[in-house]
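Participant: First the structure, which I've put down as structure tokens, then a few questions once you've had a look.
Bear in mind that the values in this text are calculations on the coordinates, not laboratory data. Small disclaimer: the values here were computed from a predicted structure and weren't measured. Because the Cβ atoms are built from the backbone with ideal geometry, glycine has one as well, and the counts that use them run over all protein chains shown.
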Amino acid sequence: MRENEFVEKEEIFSKVLRAGRRTYFFDVRSTKADDYYITITESKKFTEEDGSFHFKKHKIYLYKEDFEAFKDILGKITDFIVTEKGEEVISERHQKDFKREYTNTSNFTNVEFDEI
């Protein structure tokens with residue numbers, strides 16, 4: 001196989017969604033036959049203890065013949081989640097804030113057993 005067969009062609013149209021540590025890239029690309037397809041890339045930033053960081057990327061390819069089914073399933077699954085859990089976001093950060101609020105012992109009075 002030729003080396004350039006694995007090189008993706010330049011984006012024709014792109015949109016970016018930044019979501020905290022994650023960034024989603026939605027790109028329209030062209031096939032060798034000059035038809036279009038979509039790549040969706042999730043890029044997630046990981047920071048090491050020494051301050052250095054790296055990104056992990058995951059990519060899916062979505063071709064025109066799958067667009068309708070993909071949109072249908074995505075709509076159904078997002079509707080299900082909103083119906084079951086509402087639109088409020090419960091993230092790890094919120095969970096940490098909750099735990100910190102209810103496990104903070106600095107608000108308690110220090111009582112020695114001898115004082116009781």
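Participant: By count of other Cβ within 10 Å, fewest leading, how are T47, T23 ordered? Can you show the working numbers first?
Facilitator: Details: T47 10, T23 16.
Neighbour counts put them in this order, fewest first: T47, T23.
Participant: Further question on the same structure: How many nm is it between the label spots at E68 and F80, if each spot is 7 Å from the Cα in line with the beta carbon?
Facilitator: About 2.2 nm, to one decimal.
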